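The values are calculated or read from the model by the stated rules, or taken from the named source; none is laboratory data. Note that this is a predicted model, so its numbers are computed, not measured. When we count neighbours, we look across all protein chains shown, and the Cβ atoms used for this are built from the backbone with ideal geometry, even at glycine. Just so you know, the surface numbers come from the protein's heavy atoms only, side chains and all, with ligands and any DNA or RNA stripped out. Shrake-Rupley method; radii C 1.70, N 1.55, O 1.52, S 1.80 Å.
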Amino acid sequence: MARTIQSLERAAAMLRLLAGGERRLGLSDISSSLGLAKGTAHGILRTLQQEGFVEQDAASGRYQLGAELLRLGNSYLDVHELRARALVWTDDLARSSGEAVYLGVLHQQGVLIVHHVFRPDDSRQVLEVGAMQPLHSTALGKVLSAYDPVAHSEIVEADRTAFTPHTVTGLADFEGLLDMTRARGWAADVEETWEGVASVAAPIHDRRRMPVGAVGVTGAVERVCQEGEVRPEIIAAVRDCARAVSRDLGAGRF
């Protein structure tokens with residue numbers, strides 16, 4: 001059995017304690033409830049407080065959960081809701097395009113795949129939920145970089161690796177691609193990340209009209225493209241899917 005880290009177990013127990021019962025608890029209450037010495041409990045609380053997971057009331061000295069936990073919880077709920085709202089629409093997109101469909105969100109200077117619908121041809125495929133894709137070369141990543149200010153600032157400062165001879169790495173050229181993405185509402189990746197593979201993606205917005213993710217189709221170049229250009233019917237299908245998910249998230253019409 002893998003060894004656990006005792007301090008993390010204690011911190012987790014402390015957060016659970018603060019999440020239930022009384023709204024605020026004093027140091028003595030926390031230490032006695034968890035069977036910890038006051039000094040140990042105070043050290044953990046101080047660390048949690050520095051990280052924003054716990055707050056201390058100035059008047060009473062009692063502790064309560066902090067705003068950082070709410071932010072993390074909202075982030076989880078946003079991704080969970082995004083995936084739930086996209087399930088039907090991404091299935092439809094895979095059927096209409098005949099290609100694999102990916103749903104991605106910004107995570108740690110890359111694109112985290114949170115949903116993957118297999119290409120509907122019964123071929124052997126590998127589920128890529130949880131995989132990371134680069135921001136600068138994939139269609140999903142370009143969409144996020146174009147519409148999400150955080151993604152944009154991260155990719156501008158990051159090293160843009162050339163995965164193939166087609167990868168755009170220069171900042172001026174990359175910014176031009178982002179301008180084009182914003183102007184037409186979609187982005188493409190034609191052999192910029194993987195040889196022989198092309199993709200197209202469009203942004204998904206929430207009720208605040210904020211970009212919360214991107215949806216895209218990926219497949220062999222000869223199927224996704226025609227004479228070097230992404231097939232217009234695939235572009236239209238991807239954009240329709242993105243609009244439908246955005247509407248389900250409360251974004252209204254785009």
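Among the residues of region 138-153, is any among the β-branched types (Val, Ile, Thr) and open to solvent by less than 10 Å² (accessible area, probe 1.4 Å)?
Narrowing region 138-153 to residues among the β-branched types (Val, Ile, Thr): 138, 143, 150.
Keeping just the survivors that are open to solvent by less than 10 Å² (accessible area, probe 1.4 Å) gives 138, 143.
Yes: region 138-153 contains one or more residues that are among the β-branched types (Val, Ile, Thr) and open to solvent by less than 10 Å² (accessible area, probe 1.4 Å).
Residues in region 206-237 that are modelled with pLDDT of 95 or more, in a strand (DSSP E or B) and among the β-branched types (Val, Ile, Thr): Val215, Val217, Thr218. Within region 110-134, the set of residues being acidic (Asp, Glu) and either in a strand (DSSP E or B) or surrounded by 18 or more Cβ atoms within 10 Å (Cβ to Cβ) (or both) is empty. Which of the numbered conditions does Met180 fail, given that it passes all the others? Conditions: (1) free of Cβ contacts under 8 Å to residues at least 12 places away in the same chain; (2) surrounded by 17 or more Cβ atoms within 10 Å (Cβ to Cβ); (3) of a type in the set (A, V, I, L, M). For Met180, the failing item is (2). In region 201-210, the condition of being under 19 Å from Gly98 (Cα atoms) and open to solvent by less than 80 Å² (accessible area, probe 1.4 Å) is met by at least one residue. Taking first residues from region 90-108 that are farther than 21 Å from Val197 by Cβ and partners that are open to solvent by less than 20 Å² (accessible area, probe 1.4 Å) and among the aromatic types (Phe, Trp, Tyr), no Cβ contact under 9 Å between residues at least 6 apart in sequence or on separate chains turns up. For region 13-42, the set of residues classified as part of a helix (DSSP H, G or I) and within 32 Å of the chain's Cα centre (by Cα) consists of Ala13, Met14, Leu15, Arg16, Leu17, Leu18, Ala19, listed by residue number. Yes or no: region 156-166 includes at least one residue that is closer than 20 Å to Ala237 by Cα and among the β-branched types (Val, Ile, Thr). Within region 156-166, not a single residue is closer than 20 Å to Ala237 by Cα and among the β-branched types (Val, Ile, Thr). Residues that are open to solvent by 50 Å² or more (accessible area, probe 1.4 Å) and modelled with pLDDT of 80 or more within region 57-89 comprise Ala58, Ala59, Ser60, Arg62, Leu65, Arg83, Ala84, Arg85, Leu87, Val88, Trp89, listed in sequence order. Selection of first residues in region 139-153 that are more than 12 Å from Gln109 (Cα to Cα) and among the β-branched types (Val, Ile, Thr) and of second residues that are modelled with pLDDT of 95 or more and open to solvent by 10 Å² or more (accessible area, probe 1.4 Å), restricted to Cβ pairs under 6 Å at least 6 apart or on distinct chains, gives the following pairs, ordered by first then second residue: Val143/Pro203. Of the residues making up region 221-232, those that are farther than 16 Å from Ser137 by Cα and free of Cβ contacts under 8 Å to residues at least 40 places away in the same chain are Glu222, Cys225, Gln226, Glu227, Gly228, Glu229, Arg231, Pro232.
What is the residue count in region 90-109 for residues that are in a helix (DSSP H, G or I), open to solvent by 30 Å² or more (accessible area, probe 1.4 Å) and over 16 Å from Ser246 (Cα atoms)? Let's see the steps before the verdict.
The initial filter retains those residues of region 90-109 that are in a helix (DSSP H, G or I), namely 90-97.
Next cut, open to solvent by 30 Å² or more (accessible area, probe 1.4 Å) only: 91-92, 95-96.
Remaining after also requiring over 16 Å from Ser246 (Cα atoms): 95-96.
Of the residues in region 90-109, 2 are in a helix (DSSP H, G or I), open to solvent by 30 Å² or more (accessible area, probe 1.4 Å) and over 16 Å from Ser246 (Cα atoms).
Could you please find all residues in region 181-205 being in a helix (DSSP H, G or I) and closer than 19 Å to Glu227 by Cβ?
The answer is Arg184, and nothing else.
When Gln6 is tested against (1) modelled with pLDDT of 90 or more; (2) polar (S, T, N, Q); (3) surrounded by fewer than 16 Cβ atoms within 10 Å (Cβ to Cβ), only condition (1) is not met.
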